[in-house]
């Protein structure tokens, strides 16, 4: 599963980039989305790679993300995190488990370099290192 985190804000972005970020449900700065890779999402990720940090998230980090930052659509219903993790990894949607499909994160502890790509900064493909960034943002 891929984890996408929007790093850069809205100022000075072309309309087509903004529309692509909206389709990925990355509306605001430091918002996060976890999705299963497909041909269409891979093309959108490639298009907006200069505005986001992305990589492969592991199950432990995904569980922490759901427990700490997962928001319920209907606050009265209870959420089962374990069932949600299994089902979403198999391709089901967050809405079926009463969860919003995006997460709002804090700015990362110890700071980040937002203008540079991964080895020096935070933009682009992190592969497995995205787990460290997500934990810093929880």
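The values are calculated or read from the model by the stated rules, or taken from the named source; none is laboratory data. Quick caveat, the model's predicted, so the values are computed rather than measured. Cβ placement follows ideal geometry from the backbone for every residue including glycine, while neighbour counts extend to all protein chains displayed.
Brief remarks follow.
- With respect to the conditions (1) in contact (Cβ under 8 Å) with a residue 12 or more places away in the chain; (2) under 16 Å from residue 101 (Cα atoms); (3) under 13 Å from the mean Cα position of the chain (by Cα), residue 51 falls short on a single one, namely (2).
- Identity of the residue in the range 20-39, over 10 Å from the mean Cα position of the chain (by Cα) and modelled with pLDDT of 90 or more, that ends up surrounded by the most Cβ atoms within 10 Å (Cβ to Cβ): 21
Yes or no, residue by residue, for (1) part of a helix (DSSP H, G or I); (2) within 15 Å of the chain's Cα centre (by Cα); (3) surrounded by 19 or more Cβ atoms within 10 Å (Cβ to Cβ); (4) modelled with pLDDT of 90 or more:
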site: 78; (1), (2), (3), (4): no, no, no, no
site: 82; (1), (2), (3), (4): yes, no, no, no
site: 87; (1), (2), (3), (4): yes, no, no, no
site: 92; (1), (2), (3), (4): no, no, no, no
site: 96; (1), (2), (3), (4): yes, no, no, no
site: 107; (1), (2), (3), (4): no, yes, no, yes
site: 113; (1), (2), (3), (4): no, no, no, no
site: 124; (1), (2), (3), (4): no, yes, no, no
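- Odd one out for residue 128, checked against (1) on the phi > 0 side of the Ramachandran plot; (2) in contact (Cβ under 8 Å) with a residue 60 or more places away in the chain; (3) over 12 Å from the mean Cα position of the chain (by Cα): (1)
- Screening the range 41-70 for residues that are part of a loop (DSSP other than H, G, I, E, B) and in contact with a strand residue (DSSP E or B) (Cβ under 7 Å, 6 or more places away or on another chain) and picking the one that is modelled with the lowest pLDDT gives 70.
- Checked against the criteria, residue 12 counts as out of contact with any helix residue (DSSP H, G or I) (no Cβ under 8 Å at 6 or more places or on another chain) and either surrounded by 15 or more Cβ atoms within 10 Å (Cβ to Cβ) or at pLDDT below 90 (or both).
- Restricting 2, 100 to those that are surrounded by fewer than 18 Cβ atoms within 10 Å (Cβ to Cβ), free of Cβ contacts under 8 Å to residues at least 60 places away in the same chain and under 14 Å from the mean Cα position of the chain (by Cα) reduces the list to 100.
- The residues of the range 5-19 that are more than 18 Å from residue 43 (Cα to Cα) and within 14 Å of the chain's Cα centre (by Cα), listed by number, are 7, 8.
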